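The values are calculated or read from the model by the stated rules, or taken from the named source; none is laboratory data. As the structure is a prediction and not an experimental result, all values here were calculated from the model. Note that each Cβ is placed from the backbone with ideal geometry, even for glycine, and that neighbours are counted across all protein chains shown.
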Amino acid sequence: MIELFFVACLIRAPDQCTDHSLLFQEQNGLFTCMLQGQFELARWLEAHPKDQVREWKCRYADRGEIQM
């Protein structure tokens, strides 16, 4: 599995952050995650209007290795 890992913080309290992840099928690979990541984050933000994304990255979910 490929993981889109991101940190979201409250807009009104930017020091209050939480880690989140969305999973992609491995067959789609890291490239797909990087291409679709921003779209998926935008959809997530629509459902969570009080949050903002501080950072995000694609990585292998089972290894936790950072891939950019």
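Observations
- Of residues in region 1-13 being modelled with pLDDT of 95 or more and not aromatic (Phe, Trp, Tyr), the one surrounded by the fewest Cβ atoms within 10 Å (Cβ to Cβ): ARG12
- Residue within region 19-26 that is in a helix (DSSP H, G or I) and under 8 Å from the mean Cα position of the chain (by Cα) present: no
- Filter pass, LEU30 being modelled with pLDDT of 95 or more and outside any strand (DSSP E or B): no
- A search for C-beta distances below 8 Å between a residue of region 28-43 that is within 15 Å of MET1 (Cα to Cα) and any residue that is surrounded by 12 or more Cβ atoms within 10 Å (Cβ to Cβ) and among the β-branched types (Val, Ile, Thr), counting only pairs 6+ apart in sequence or on different chains, returns ASN28/ILE2; GLY29/ILE2; LEU30/ILE2; THR32/ILE2; CYS33/ILE2.
- Selected residue (criterion: modelled with the highest pLDDT) from residues of region 33-68 that are aromatic (Phe, Trp, Tyr) and assigned to a strand (DSSP E or B): TRP56
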